C-alpha cells in the first residue's frame, strides 16, 4: 500500500491521524506536487512582471494611452507670440530644427529636441499644467550647451524626458540618433555605454 496512516506506526489512538504517502510528489493529500506547481507558476508570473517593469513596456503603454485618451491641450500659436517674449537666438534655433531635414540634423547633432512638450493633470482647480511647452533645440557634436531657466521652467522635466525617465506628451527628441519615443530602450543603453558626444549644463 502506498497510503497509510502515521498513527498506525506510532501505535497511537485518537482522531489526530496524519495521512502519509510514499509518493511525495503526489498532488493528493500528503504530497507536495501542488505546492511545487504553485511555486513554479508564481515564479513565472513574477519574472514576467519584472521583465515588463524593466523593459518599461507598461510605462510606454500607459503614456501612449494617456496621450490619446486625455483631453487635448490648447497651446498658443508660436507665431502669435510677441517677438519680445522670445530671444532671437532661441527663435533661430527653433527655426533651424523645424526647417532642417531630420537626416541632416541627425548627422550634425548628438541631441535633437523637436517641439517637446510635457503636461500634467493638476489636482483641484489647477487644471492641466504645462511643464514643457514645445521646446526645440539641437546640440552639435562636441558642443557645450547650457540650458538656462528659472525655477519651475521645466529644465528637470526636459532631462527626465531625454533620459526616458518619463515620456513626453507631444513632440520627440533624438539622443545619438535614437528616438526617445520609439527607441527608448536604445536611448538608455546608448547613454550608458557611449555617453553623449556633447556637454549639457543646467542653470
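Just so it is clear, none of the values below were taken in a lab; they were calculated from the coordinates. This is a predicted model, so every value here is computed, not measured. Neighbour counts are summed over all protein chains in view; Cβ atoms, including those assigned to glycine, are modelled from backbone coordinates with ideal geometry.
What the table shows:
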| item | result |
| --- | --- |
| Sorted by Cβ neighbour density within 10 Å, fewest at the top, the residues 94, 134 | 134, 94 |
| Neighbour-count ranking [beta-carbon atoms within 10 angstrom, fewest first] of 86, 54 | 54, 86 |
| Pairwise label distance in nanometres, residue 27 with residue 165, each label 7 Å out on the Cα-Cβ vector | 4.9 nm |
| Which of 91, 155 has the fewest Cβ neighbours within 10 Å, and the rest in rising order | 91, 155 |
| Length gained when the stretch residue 95-residue 52 is fully extended (0.36 nm per residue, less Cα-Cα span) | 11.6 nm |
